[in-house]
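Take a look at the structure below.
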Amino acid sequence: MKKLILSTAIILGGLSVQAAIPVKVTSTIHSIVIQDEYKEVAADAVPAAVKSTVEKSFPNTKLEKAYKNEKNEYKLEIANGDKKYTIFTDASGTIIKK
């Protein structure tokens with residue numbers, strides 16, 4: 001009789017563990033991209049050192065658009081045929097990785 005009660009308790013206990021409602025954990029990741037504000041400037045306003053760096057580093061490309069931020073960093077959109085590239089430089093013409 002003890003074995004019957006013990007085995008019934010074990011079976012019911014095992015069933016109740018499997019009957020538990022699973023808890024679904026949801027995690028949300030928010031990413032924020034912070035970019036310095038660049039304002040468009042004329043191609044003539046780009047310093048000669050920056051133009052020289054572009055000509056040496058990227059031959060046969062054309063300067064399409066130029067942007068400048070408050071830190072005197074330049075965002076340059078250049079094109080070589082159908083391909084377009086965006087590069088970043090400082091005022092002295094040093095290329096910046098972003």
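Contact annotation: residue pairs with Cβ atoms under 9 Å, 6 or more positions apart or on different chains, pairing a residue in region 17-43 that is outside any loop (DSSP other than H, G, I, E, B) with a partner that is modelled with pLDDT of 60 or more and among the hydroxyl-bearing types (Ser, Thr, Tyr), are LYS39/TYR67; GLU40/TYR67; VAL41/TYR67; VAL41/TYR74.
Restricting the first residue to region 81-98 and requiring it to be within 15 Å of SER57 (Cα to Cα), which pairs with a second residue that is modelled with pLDDT under 90 and assigned to a strand (DSSP E or B) meet a Cβ separation below 9 Å and a spacing of at least six or different chains? Note: pairs meeting the criteria are ILE87/ILE96; PHE88/ILE96; THR89/ILE96; ASP90/ILE96.
The values are calculated or read from the model by the stated rules, or taken from the named source; none is laboratory data. Values in this document were obtained by computation on a predicted structure and should not be read as measured data. So basically every Cβ, Gly included, is an ideal-geometry build from the backbone, and we count neighbours across all protein chains shown.
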